[in-house]
Amino acid sequence: MTKPATGLSFIHRFEPGGDRDIPPLLLLHGTGGDENDLINLGRMVAPEASLLSPRGKVLEGGMPRFFRRLAEGIFDEDDVKRRANELADFVQEARSAYGLTAPIALGFSNGANIAAATLLLRPEALAGAVLIRAMVPLSQPPVADLAGKPVLILSGSMDSMVSADNAGQLATQLGNAGAQVQHRTLPAGHGLSQADVAIAREFLAHAAGAIVSAA
Ligand code: MLT
């Protein structure tokens, strides 16, 4: 395990990748996870990318999250905004500390929701995103410019937490802001499936290539 740089504003892990030209992945765990949770997933979907993995700072019954919620699926939107800005600031710090280009977020559940909020509030922080089981994080999204940013939303047709309508609304919001959105719905529940891994891997190979050749 690589020793993380000191003085950064989130507890995190950083794993350098074999190819420093491709965008790093910003790994954002779900409720109750931590900075170790998605490292293996990150390696599976982007074997050569550097991995930056912060731990959410909000505790719900001792479980780390990236923002406060009032109930399942009901968010404290002021906190969403504050925490998305905090996360974007951390990305900037980590880019300077580790010499990174803008990362592609790979978020699961609560991590996907903070990634979506960060895209909308601080578009410059992310080069793109893979949002697994994401929902709309902000009821009144700001006007954002996500021109050309690749975004993959992976929803589950049997997800009891995220309705098809809600996931579709997120895809529309991001698409209206100019992102190149692919929205796939898999025969899965809220949990991660093998199909998520395979589709995310293929998407990231294309997205990373497009970002490198546009740079
Ligand atoms: C959230 O709070 O972000 C969503 O309800 C997903 C979850 O973390 O359970």
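The values are calculated or read from the model by the stated rules, or taken from the named source; none is laboratory data. Note that this is a predicted model, so its numbers are computed, not measured. Heads up, the Cβs are rebuilt from the backbone with ideal geometry, glycines too, and the neighbour counts pull from every protein chain shown. Heavy atoms of the whole protein, side chains included, go into the accessibility calculation; ligands, DNA and RNA do not. Shrake-Rupley method; radii C 1.70, N 1.55, O 1.52, S 1.80 Å.
Observations, loosely collected:
- Pairs linking a residue in the stretch 74-85 that is under 15 Å from residue 28 (Cβ atoms) to a residue that is surrounded by 14 or more Cβ atoms within 10 Å (Cβ to Cβ) and of a type in the set (Ser, Thr, Tyr), with Cβ atoms under 6 Å and 6 or more positions apart or on different chains, are 84/118.
- For the stretch 170-186, the condition holds for no residue, the condition being that it is under 20 Å from residue 103 (Cα atoms) and within 16 Å of the ligand (Cβ to nearest atom).
- Every pair of residues 6+ apart whose Cβ atoms lie under 6 Å, when the first sits in the stretch 162-190 and is farther than 13 Å from residue 137 by Cβ while the second is open to solvent by 40 Å² or more (accessible area, probe 1.4 Å) and within 16 Å of the ligand (Cβ to nearest atom): 189/158; 190/161
- Checked against (1) out of contact with any helix residue (DSSP H, G or I) (no Cβ under 8 Å at 6 or more places or on another chain); (2) open to solvent by 10 Å² or more (accessible area, probe 1.4 Å); (3) of a type in the set (A, V, I, L, M, F, W, C), residue 112 meets all criteria but (2).
- Scanning the stretch 154-169 for residues that are part of a loop (DSSP other than H, G, I, E, B), open to solvent by 80 Å² or more (accessible area, probe 1.4 Å) and away from the ligand (no atom under 15 Å from the Cβ) returns a single hit, 158.
- When 119, 138 are checked against the criterion of being at pLDDT 95 or above, part of a helix (DSSP H, G or I) and open to solvent by less than 20 Å² (accessible area, probe 1.4 Å), 119 stands alone in meeting it.
- Matching residues in the stretch 40-65 - criterion: being open to solvent by 10 Å² or more (accessible area, probe 1.4 Å), farther than 14 Å from residue 198 by Cα and in contact with a helix residue (DSSP H, G or I) (Cβ under 8 Å, 6 or more places away or on another chain): 57, 58
- Matching entry among 64, 24, 47 (being touching a Leu at 6+ places or on another chain (Cβ under 6 Å) and touching a residue at least 24 places away in the same chain (Cβ under 8 Å)): 24
- Hey, residue 73 over 11 Å from the mean Cα position of the chain (by Cα), within 27 Å of residue 197 (Cα to Cα) and at pLDDT below 95 or not: yes
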